[in-house]
1. Specify whether the C-alpha gyration tensor of the protein assembly as shown places it in the rounded, prolate or oblate class, a ≥ b ≥ c being the square roots of the eigenvalues: rounded for a/c under 1.5, otherwise prolate if a/b is larger than b/c and oblate if not.
2. Would you calculate a helix-derived [θ] at 222 nm for chain A, using -39,500 (n - 2.57) for each DSSP H run of n ≥ 4 and dividing by the full residue count, to the nearest 500?
3. Arranged by the count of other C-beta atoms within 10 angstrom, fewest first, what order do A:216, A:81 take?
4. Please average, across the residues of A:103-110, the number of beta carbons from any other chain that are within 10 Å of each residue's own beta carbon, and give a whole number.
5. Starting from the 7 Å offset along Cα-to-Cβ, what nm value, one decimal, do you get for the label separation of residue A:31 and residue B:39?
6. List the relative contact order of chain B as a percent without decimals, with contacts defined as Cα pairs under 8 Å and 6+ residues apart.
7. Let me know the mean shielding of A:256-263 by other chains, meaning the per-residue number of their Cβ atoms within 10 Å of its Cβ.
8. When ranked by the protection proxy of mean other Cβ atoms within 10 Å per residue, highest first, what sequence do the peptides A:56-67, A:189-200, B:258-269 form?
């Protein structure tokens, strides 16, 4: 483009007079840039407000008792959410045990066996399932596990969360596997490696970190879920390690305390919310680091 | 890729002659993988196992529909279509009409869209078209961080921060300036439809803005250049070259946000006031389909009561399914078959 002056076509352009951009249009341009910048600020304010308030209110209420004791009856100071933290972990462990293998399997189906009409159907259904309200999933888990068992349980909560994890994991796994170049699969076939072995040890292995990221996103999404646990895990004021009994969960406890009329419980709700977010972030970070440093390289 | 240089290993290859250097090399590499005949059985088994996993996703949808339909039979036979047109919700006399909840769900979701759509599109346009490239990643990451906050934490914040602000500053102001419309009248409790709409808006902004951003980035660069070459300012370029081309995708993003708003439970339940009434004023408390499920499902004693609640769940499920399917198709139509990234 440096020799435009020697180009006859360019010379003729200089004869065309371009009218200057009117003041109105220029003002409009600046105004809209300002408006767009303002919307960004308007969106970021609540974000920072939520985090700042959470830390400010939560930090003061977290102490050893909060992390080691069960809730005290109304009116008594102290007590904590230790059983709810443990309960959340149990429910999430059940959800992951059920949801992760199924989700990854469905992802493998979509990417390796589902480049056809059947795959499209499954793909569409998992996208649609992603949008089903979590409370509706709760009803389904209630009918599926709570009614036959005749009482609320950690298992029912785990099933509800697993149902929510599967479509998310399936879609992210599919996208990660599709990123693996076809040539790598062909190289394995060329060496006489069977298809299942190629999929597991070559394709999935290559995409491990991406797949794990997808799993962690799904995990983080369900870890704070409350609605599907209301009538599956139900909540519990005491320690419970049995998976067929009502179990406390951190998010349920936050809900119960937040809508209660007691100041002491409100403080604990803030502390619980802070612990919940810290635990989610810590879980995600731990897995990321483990992946990076090769602890899970064989996964 | 000189094929001559590399001897090709094959299935059931005869024992390679030992001695020559090249053969030794091949053998060293392939021995663990090529020992004996490779059976096809594990392959077939694995293929079907994975297909089964895919089928599980379809089965899941079937299971959800089955549970909801079977569970709501009693109420369906008792009330029929009247269930959705009736506003009397009375567990004591076993009369159930879902109208107040449907009304609450629609009004709170629409209100949230009114607030969230201009903001999300503004954010998406700013991030993709206006902001310095260095800031782009940080900004999009930060707005998406909003999506990672659990619903119950939003609710907690709304109860103790948003509602007092609405009660003390926003509602008196709205009543004074727009009170004549009838939408902003009555005592300013703080808690009510307005609070639900605002908190929902904050929750769906990340979804709408990130999908809008995705749609805007697939608009070809030459569209922008063409409009600029005609002498347009940057805003005119965005309006004519970008937003107009992305219309269908943006509408899809908005509908996807609507889908999320319709089914959102916890935060709404915590601030909407939970009263099954249809009131014109946005200051009045209301109730949504999702929050009546959250509040009353475990307390539903009678069979008909439970069945009525499940029917509300079924209605909610169908509405969100239709809304989401529509939105997916619209987003796909712009991103040309590239499936939209799943939003967490």
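Where a number appears in this text, it was derived from the coordinates with a stated rule and is not lab data. This is a predicted model, so every value here is computed, not measured. Reconstructed Cβ throughout: ideal geometry from the backbone, glycine too, with neighbour counts over all protein chains shown.
1. Values: a/c = 1.86, a/b = 1.16, b/c = 1.61.
Verdict is oblate for the protein assembly as shown.
2. -21000 deg cm²/dmol
3. A:216, A:81
4. Across A:103-110, the average partner-chain Cβ count within 10 Å equals 6.
5. Placing both labels 7 Å along Cα→Cβ, they lie 7.6 nm apart.
6. On the way: 428 pairs, mean separation 81.3, N = 344.
RCO, chain B: 24 percent.
7. Partner Cβ neighbours, averaged per residue: 2.
8. With the highest mean Cβ count within 10 Å placed first, the list reads B:258-269, A:189-200, A:56-67.
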